[in-house]
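The values are calculated or read from the model by the stated rules, or taken from the named source; none is laboratory data. Keep in mind that this is a model prediction, so the values were computed, not measured. Every residue, glycine as well, gets a Cβ built from its backbone with ideal geometry; the counts of neighbours run over all protein chains shown. The accessibility values were calculated without ligands, DNA or RNA, using every heavy atom of the protein model including side chains. Shrake-Rupley method; radii C 1.70, N 1.55, O 1.52, S 1.80 Å.
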Amino acid sequence: MWWQRLAWLLRGQRGSTGRRWPLLAAPVRCHPTAPASPQCAWQLHQDHLELRYGSTLMRLDFVWLRDHCRSASCYNAKTNQRSLDTASVDLAIRPQAVRVDETTLFLTWPDGHVTRYGLEWLVRNSYEGQKQQVMHPRILWNAGIYRQAQVPSVDCRSFLETDEGLKEFLQNFLLYGIAFVENVTPTKEDTEILAERISIIRETIYGRMWYFTSDFSRGDTAYTKLALDRHTDTTYFQEPCGIQVFHCLKHEGTGGRTLLVDGFHAAEQVLRQAPEHFELLSKVPLKHEYVESVGGCHNHMIGVGPVLNVYPWNNELYLIRYNNYDRAVINTVPHDVVRRWYHAHRALTAELRRPDNELWVKLKPGKALFVDNWRVLHGREAFTGYRQLCGCYLTRDDVLNTARLLGLQA
């Protein structure tokens, strides 16, 4: 059963850094390069090439080396697409000749085809090289760190009309997971224009652009005047929405401040203090659920995934799925794992609720907030009077595409 395999994995692999397999004995020459180049040496094994370049030791499978050839017959440099049919590569392939100069690896295959790789390209694109790289540079923050950084808001006109203003906004958003635009006309239509500057607006069960009041028009606690604890949205989607936009159009009353917490900062503290908790939260799948039957709205959404989602090759966190309101019955975790999961969840919750991690912001008409829903948790204090917000969800891919087109790492 899958749950027995999961239990075995969680019991036996805690703290594991991965098994190290012995090299196959197929000794061939070891060749250093010229003294003027970075330290480089290679050795041929039965099914792979071992290559050391600088401080990186790479183990490159022969099939991988043939599959990723960048020659004109194998790769279209104009479209950046592979031309070689991967299924046509002999799985027992082995190069007939190997040569390395100061910058390039040359491989000659049995059919005479020659593959050339820049050594720097191999370092960037090998498994060992990827383990050393960060996919998304970030600044982890608590309330003190964020305030001390004095991250500027971007003026609406600069955001809409200049690449410089847009780039400054996106850089702030990528680094901190939140960003503000000031002097926005407080209407739903102007907020929509703002959002479309960086992304296609994502249609959801809540519509395209939504108004948000305390009329309980939807089957959700958010449509009340009650306080909301920190959470991420749409955890009950198979792919939670990437970015959320908030714009307070009117508030005639008291309270209602917005709470923001950097979930990645809290998770990093758990990783440092109790790595076994971090590992458990990144491996145990949970269901989140949204059931609604109010007026003409009838929905039953279910999303499945761990609380912490990481890239398996470097353990880099890319998504946190945390919403205690919407977490469904825990029936995907065996008995001998579930209590340990509760301990891990408690450790993360304690970090998320530390007062020094809480950034409180009073949203007001004209100030729009963009939140990375894969990273930053949001909440709200209770309020009185009439309060109206509008907003939407954005597609993450389009926001990152806009950033990359402006030269940002995203």
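A few notes on this one:
- Subset of segment 44-56 [open to solvent by less than 50 Å² (accessible area, probe 1.4 Å) and not β-branched (Val, Ile, Thr)]: 44, 45, 48, 49, 50, 51, 53, 54
- Residue tally, condition aromatic (Phe, Trp, Tyr), open to solvent by 10 Å² or more (accessible area, probe 1.4 Å) and within 27 Å of residue 349 (Cα to Cα), over segment 368-392: 2
- On the stretch given as segment 238-258, residues that are at pLDDT below 95 and under 22 Å from residue 352 (Cα atoms) total 3.
- Residue 293 vs. criteria assigned to a strand (DSSP E or B), out of contact with any Phe, Trp or Tyr (no Cβ under 9 Å at 6 or more places or on another chain) and either touching a residue at least 60 places away in the same chain (Cβ under 8 Å) or hydroxyl-bearing (Ser, Thr, Tyr) (or both): yes
- With respect to the conditions (1) touching a helix residue (DSSP H, G or I) at 6+ places or on another chain (Cβ under 9 Å); (2) surrounded by fewer than 17 Cβ atoms within 10 Å (Cβ to Cβ), residue 196 lacks only one, and its number is (1).
- Pairing residues of segment 70-88 that are surrounded by 10 or more Cβ atoms within 10 Å (Cβ to Cβ) with residues that are outside any strand (DSSP E or B) and among the acidic types (Asp, Glu), at Cβ distances under 6 Å and at least 6 apart in sequence or on separate chains, gives 86/67.
- The residues listed here are 318, 311, 386; of these, the one that is more than 22 Å from residue 140 (Cα to Cα) and not hydrophobic (A, V, I, L, M, F, W, C) is 386.
- All positions within segment 244-272 that are open to solvent by 30 Å² or more (accessible area, probe 1.4 Å), within 22 Å of the chain's Cα centre (by Cα) and in contact (Cβ under 8 Å) with a residue 60 or more places away in the chain: 268, 269
- Considering segment 282-308, the residues that are open to solvent by 20 Å² or more (accessible area, probe 1.4 Å) and under 18 Å from residue 272 (Cα atoms) include one that is nearest to the chain's Cα centre (by Cα), namely 282.
- A single entry from 141, 109 fulfils the requirement of being open to solvent by less than 40 Å² (accessible area, probe 1.4 Å), modelled with pLDDT of 95 or more and within 30 Å of residue 357 (Cα to Cα): 141.
- Looking across segment 170-189 at every residue that is touching a residue at least 24 places away in the same chain (Cβ under 8 Å) and in a helix (DSSP H, G or I), the one that is surrounded by the fewest Cβ atoms within 10 Å (Cβ to Cβ) is identified as 188.
- Residue within segment 328-337 that is part of a loop (DSSP other than H, G, I, E, B) and buried (at least 19 other Cβ atoms within 10 Å of the Cβ) present: yes
- Qualifying residue in segment 339-348 (condition: among the hydroxyl-bearing types (Ser, Thr, Tyr), open to solvent by 40 Å² or more (accessible area, probe 1.4 Å), part of a strand (DSSP E or B) and assigned by the TED database to the domain that holds residue 170): no
- Strands (runs of 3 or more DSSP E) contained entirely in segment 84-169, each with at least 3 residues that are assigned by the TED database to the domain that holds residue 47, among the acidic types (Asp, Glu) and touching a helix residue (DSSP H, G or I) at 6+ places or on another chain (Cβ under 9 Å): none
- Among residues of segment 117-138 that are in contact (Cβ under 8 Å) with a residue 12 or more places away in the chain and over 30 Å from residue 376 (Cβ atoms), those with a Cβ under 9 angstrom from a residue that is open to solvent by 40 Å² or more (accessible area, probe 1.4 Å) and assigned to a strand (DSSP E or B), sequence gap 6+ or separate chain, pair up as 126/59; 127/59; 128/57; 128/59.
- When each of 377, 406, 369, 359 is tested for being at pLDDT 95 or above, within 30 Å of residue 332 (Cα to Cα) and touching a Leu at 6+ places or on another chain (Cβ under 8 Å), the lone residue that passes is 377.
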